[in-house]
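Visitor: Here it is, the structure in full.
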Amino acid sequence: MADDTDATGRDEPNPFRFENEVPAGEKRHFRSEVSETYLGDSVEIPVTIVNGERDGPTVFVTAALHGDELNGVKVVQDVAARYEPDEIAGTLVLLHVVNVPGYLAQQRYIPIYDQDLNRSFPGRARSNTAERIANVVYKRFIEPCDYGIDLHTSTRNRTTMYHVRADMADPEVNRLARAFGSNLVLAGEADEGSLRSVATRNGTPTITVEMGKAHRFQLPLIDRALDGIESVLAELDVLPGEAVDWPGWRRVIDSATEKTWLRADQGGLVEMLYDNPLVHEGDAVCRISGHFSQSEVIVRAPFTGLLVGVLQNPVAAPGHPLCHLVGVGGETLAEIEREIESGEFTEQPWA
Ligand SMILES: [Zn+2]
């Protein structure tokens with residue numbers, strides 16, 4: 001049982017400093033208590049800190065704020081193994097699994113009253129469980145950082161095209177998003193109470209990476225995220241070398257971009273009909289049919305765009321979201337069509 005008041009949260013800034021915890025030139029793996037179970041045992045998050053021999057910025061990478069989003073967990077494991085203190089200028093703060101109660105249950109939310117940890121930042125010391133955990137994590141690990149990358153996947157039963165979410169109006173966030181090098185960026189402020197929104201507002205520019213689906217390791221996406229992180233670290237001069245050139249076709253989706261969730265108007269079985277995530281206006285996206293084949297509705301694309309989020313569990317009730325369609329046109333459309341024709345287009349929301 002813990003009697004450490006820091007670990008259970010308090011309102012004043014935590015005096016924790018990485019240079020005290022992990023001296024320059026050292027890498028440490030440890031566990032950090034953030035809460036307690038019903039039994040009074042500690043709930044501890046696995047942490048790696050790589051404190052470089054040379055000075056530079058402090059960068060956090062977080063995974064599993066939603067407990068069933070596992071691609072990022074593998075990314076953090078690999079980042080923690082990949083970099084040594086003599087190679088970097090600055091400090092890496094790697095939180096392998098932030099929502100430990102959700103991770104143990106393999107579910108998105110903290111199991112106690114289904115609280116969303118990623119709507120609970122910066123948290124408060126004397127509040128519900130999620131806000132207390134958020135408060136400890138924020139004060140101890142996030143607030144001292146200069147930049148951040150928060151790794152997510154789609155929610156279960158859906159999948160998402162690999163993309164970055166970033167407030168592109170913030171120059172430092174914009175810099176991170178470009179250096180990360182995803183083809184697709186959804187621009188805008190994050191939800192209230194999310195790690196990205198609170199950290200960015202408080203002076204730690206942060207991007208979110210959305211990669212594939214929950215409950216899986218998807219190695220091609222994991223490899224891309226490792227390259228993206230390496231590129232961001234080069235951009236920030238934590239590593240030698242240059243950030244990647246922002247690749248191929250690229251698209252920043254902002255509030256002016258046409259986008260919609262295609263929804264089911266009837267209950268039934270859902271079969272996807274598209275060949276690739278680029279659909280043209282009027283194309284058949286999916287079929288919804290009754291169990292006796294007594295009814296069939298074809299859902300068509302209302303405009304030309306990319307299917308960036310897609311239902312995977314093949315049943316729907318009226319109102320159920322089927323696909324997230326984001327409009328593309330002009331040069332981007334031409335470039336994507338050219339890539340599809342030549343076989344270079346690799347974005348697959350269903351991968
Ligand atoms: Zn998430």
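Visitor: Looking at (1) modelled with pLDDT of 95 or more; (2) not assigned by TED's automatic domain parsing to the domain that holds Ile222, which is the one condition that is false for Leu104?
Guide: So Leu104 meets the others, but not (2).
Visitor: Quick check on Ser182: is it more than 27 Å from Asp55 (Cα to Cα), in a loop (DSSP other than H, G, I, E, B) and touching a His at 6+ places or on another chain (Cβ under 7 Å)?
Guide: Judged against the criteria, Ser182 is a match.
Visitor: Give the residues of region 166-180 that are in contact with a helix residue (DSSP H, G or I) (Cβ under 7 Å, 6 or more places away or on another chain) and either open to solvent by 10 Å² or more (accessible area, probe 1.4 Å) or away from the ligand (no atom under 16 Å from the Cβ) (or both), sorted by residue number.
Guide: Within region 166-180, Asp167, Met168, Asp170, Val173, Arg175, Leu176, Ala179, Phe180 meet the criteria.
Visitor: Any residue in region 151-180 that's over 17 Å from Val310 (Cα atoms): show its pairings with residues that are near the ligand (Cβ under 10 Å from one of its atoms) and in a helix (DSSP H, G or I) at Cβ separation under 8 Å, as long as the two are six or more apart or on different chains.
Guide: Leu151/Gly72
Visitor: Kindly indicate which of Asn71, Asn135 is in contact (Cβ under 8 Å) with a residue 24 or more places away in the chain, in the same structural domain as Asp237 (by TED's automatic domain parsing) and either of a type in the set (D, E, K, R) or under 26 Å from Val22 (Cβ atoms) (or both).
Guide: From the options Asn71, Asn135, the qualifying one is Asn135.
Visitor: Would you check if there is a residue in region 231-247 being loosely packed, with under 13 Cβ neighbours inside 10 Å, among the charged types (D, E, K, R), under 23 Å from Val185 (Cα atoms) and outside the structural domain of Phe180 (by TED's automatic domain parsing)?
Guide: Within region 231-247, none of the residues are loosely packed, with under 13 Cβ neighbours inside 10 Å, among the charged types (D, E, K, R), under 23 Å from Val185 (Cα atoms) and outside the structural domain of Phe180 (by TED's automatic domain parsing).
Visitor: Has region 296-316 got any residue that is in contact with a Ser or Thr (Cβ under 7 Å, 6 or more places away or on another chain) and farther than 25 Å from His163 by Cα?
Guide: yes
Visitor: What pairs come up if the first residue lies in region 82-97 and is farther than 18 Å from Tyr147 by Cβ, the second is part of a strand (DSSP E or B) and open to solvent by 10 Å² or more (accessible area, probe 1.4 Å), and their beta carbons are under 8 Å apart, counting only those six or more places apart or on different chains?
Guide: Taking only residues 6 or more apart or on different chains, the pairs are Glu84/Lys27; Pro85/Glu26; Pro85/Lys27; Pro85/Asn51; His96/Pro46; Val97/Pro46.
Visitor: Among the residues of region 315-331, count how many are in contact (Cβ under 8 Å) with a residue 12 or more places away in the chain and surrounded by fewer than 17 Cβ atoms within 10 Å (Cβ to Cβ).
Guide: 6
Visitor: Residues that are open to solvent by less than 10 Å² (accessible area, probe 1.4 Å): which helices (runs of 4 or more DSSP H) entirely in region 53-165 hold 3 or more of them?
Guide: By residue number, 71-82, 129-137.
The values are calculated or read from the model by the stated rules, or taken from the named source; none is laboratory data. In this text, all values refer to a predicted model and were calculated from it rather than measured experimentally. Neighbour counts run over all protein chains shown; Cβ positions are idealised from the backbone, glycine included. Remember, those area values only see protein heavy atoms, side chains included, never the ligands or the DNA or RNA. Shrake-Rupley method; radii C 1.70, N 1.55, O 1.52, S 1.80 Å.
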